[in-house]
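Below is one structure, written out as structure tokens; the observations come after it.
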């Protein structure tokens, strides 16, 4: 009987985990799905007032071009897998940003403090940072209590 109850518990836990994971994935996939993705900064700057989604991932950038901070209506920004050490103070100008992807930005020692100044930030993707210890992720969650921080 004990084996049966253990198996039932594990099965129930697994089902609960799957339902949590799928709802988490749904929230993630709903963000920024309706906006057109622009993958060129020069093209984005031509649409300064209307651009909502910019993908600058894997550009081997070591610093963020300050022109990005002119995109006042930007809601979704993918900076993943670049070589940033930090983000400039001007990044705080992106007041409408709701989603930021910093996955694989391994030159960052920690989450930039400027993110605290983004009032609409809802999701921060920090996956693929194996060099960071648990404390770095905990500090990020404390610094951004109203932001869903994705680490896995």
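The numbers here are math on the coordinates, done by the rules we state, and not lab data. Because the structure is a prediction, the values reported are computed rather than measured. Virtual Cβ from ideal backbone geometry, glycine too; neighbours counted across all protein chains shown.
Some observations on this one:
- Arranged from fewest to most other beta-carbon atoms within 10 Å of their beta carbon, 107, 99 become 107, 99.
- Taking a ≥ b ≥ c as the square roots of the Cα gyration tensor eigenvalues, the stretch 88-130 comes out oblate, since a/c reaches at least 1.5 and a/b does not exceed b/c.
- The residues 57, 40, when put in order of fewest to most other Cβ atoms within 10 Å, stand as 40, 57.
- The ranking of 86, 63, 33 from fewest to most other beta carbons within 10 Å of each one's beta carbon is 33, 63, 86.
- Reducing the stretch 46-68 and the stretch 112-152 to their Cα centroids gives an inter-centroid distance of 20 Å.
- Taken along the Cα-to-beta-carbon direction at a fixed 7 Å, the label points for residue 135 and residue 72 span 4.1 nm.
- Under the shape rule built on the C-alpha gyration tensor, where the axes satisfy a ≥ b ≥ c, the stretch 35-150 is prolate, since a/c reaches at least 1.5 and a/b is greater than b/c.
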